[in-house]
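Participant: One structure, pasted below without further comment.
The values are calculated or read from the model by the stated rules, or taken from the named source; none is laboratory data. Every value quoted in this text rests on a predicted model; they were computed, and no experiment measured them. Counting neighbours? That spans all protein chains shown, and the Cβs are built from the backbone with ideal geometry, glycine included.
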Amino acid sequence: MALFGGTFDPIHIGHLAVARAAERCFHLDEIHFIPTGRPPHKHRAGMASYADRYAMVALACADHPRFIASLAESGAGHFGREVFYSVDTVRHFKQKFHGPDTHLYFLLGADSFLQIPTWKDYETLLNLCDFIVASRPGFRVDALRLVIPPELLARPGSAHAPLDPHAIALRRTSIYVLDTVSSRVSATQVRGRLDRNESIRGLVPPRVEEYITKQALYR
C-alpha cells in the first residue's frame with residue numbers, strides 16, 4: 001500500500017504516471033491519493049477548493065481499481081479547512097492498517113523529498129515507513145542523502161539493507177528511487193494554460209478536463 005499526498009491542484013497525467021509506475025514496480029495493491037486540506041507549505045491565492053480538488057482526484061482514480069481517492073486529510077465535515085501533517089497521516093494509516101501483511105510506502109516526487117527537512121517531525125516520519133521517490137530526468141540520487149540526518153542512516157553492512165542497490169537504507173526504513181517516469185507535466189503548467197484560455201487536452205484525464213470546464217476552474 002502507498003500513500004500519495006499533494007494539493008492535486010489539479011491532478012494531472014504526471015501524477016497518474018508516477019502512481020502507475022510505483023504500482024508496477026512495487027506490486028502495490030492500493031495507492032491512496034490524499035488531497036491535502038490546507039497545505040502547510042503551498043497555500044496560494046486561487047487554489048481550487050478542497051471539494052473540487054477531491055472531486056478531480058476521484059474522477060482520475062475512477063478507472064484504476066487500485067487507486068483510491070482518500071478523505072484522510074479532509075478534516076471536520078470534510079471541508080478541507082484544517083492543516084494536516086504527513087507524519088500524522090502516516091500514523092493514522094499505520095493504526096488503521098496494522099496487519100502483518102501490510103507494507104506501507106510514502107510516495108512523492110524528488111523535489112518534494114528535498115524539502116522534507118522543512119516538514120513537521122520529519123525525522124520521525126522517515127522512521128515510520130518506506131519511501132518511494134519519483135525521480136526526474138537529470139536528477140542525482142545522491143542529492144537525497146544530503147537531506148537525511150546521518151544518524152538515521154543504516155550502518156554499512158546492516159542486515160536491514162535493501163536488495164535494491166540504488167535504495168538508501170535507514171536504520172528502520174528504506175528509501176527507494178523510482179526512475180521510470182519521464183512526464184514533465186506540472187499543475188502550474190495546467191493552470192497557466194487554462195489562465196491563457198488554452199487547451200489542456202492530454203495534460204489531465206478526460207473526466208478531469210470535463211470537470212474543470214464545467215466548473216470554470218482556474219480562469
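Participant: Within the group R193, R201, which residue is over 21 Å from the mean Cα position of the chain (by Cα), surrounded by 14 or more Cβ atoms within 10 Å (Cβ to Cβ) and without any contact (Cβ under 8 Å) to a residue 12 or more places away in the chain?
Facilitator: Answer to the selection: R193.
Quick grid of which residues meet (1) of a type in the set (A, V, I, L, M, F, W, C); (2) free of Cβ contacts under 8 Å to residues at least 40 places away in the same chain:
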site	(1), (2)
A2	yes, no
F8	yes, no
H15	no, no
R38	no, no
G46	no, no
A51	yes, yes
S74	no, yes
R81	no, no
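Participant: Can you work out which of the residues in region 204-216 that are touching a residue at least 24 places away in the same chain (Cβ under 8 Å) and buried (at least 19 other Cβ atoms within 10 Å of the Cβ) is farthest from D111 (Cα to Cα)?
Facilitator: Here the residue is Y211.
Participant: Right, next: Quick check, is I34 at pLDDT 95 or above, β-branched (V, I, T), surrounded by 20 or more Cβ atoms within 10 Å (Cβ to Cβ) and assigned to a strand (DSSP E or B)?
Facilitator: yes
Participant: Follow-up question, since we're still on this one. Would you check if L104 is under 18 Å from F8 (Cα atoms) and within 14 Å of the chain's Cα centre (by Cα)?
Facilitator: It is false that L104 is under 18 Å from F8 (Cα atoms) and within 14 Å of the chain's Cα centre (by Cα).
Participant: Tell me which of these P40 doesn't satisfy, since it passes every other one: (1) surrounded by fewer than 20 Cβ atoms within 10 Å (Cβ to Cβ); (2) touching a Pro at 6+ places or on another chain (Cβ under 6 Å).
Facilitator: (2)
Participant: Turning to a different aspect of this structure: Out of the residues in region 22-31 meeting the condition of being over 13 Å from the mean Cα position of the chain (by Cα) and of a type outside the set (D, E, K, R), tell me which one is surrounded by the fewest Cβ atoms within 10 Å (Cβ to Cβ).
Facilitator: Among those residues, the one meeting the criterion is H27.
Participant: Can you tell me which residue is modelled with the highest pLDDT among those in region 81-116 that are acidic (D, E) and not in a helix (DSSP H, G or I)?
Facilitator: E82
Participant: Now, a different point. Would you say F97 is surrounded by fewer than 15 Cβ atoms within 10 Å (Cβ to Cβ) and farther than 21 Å from G37 by Cβ?
Facilitator: The answer is yes for F97.
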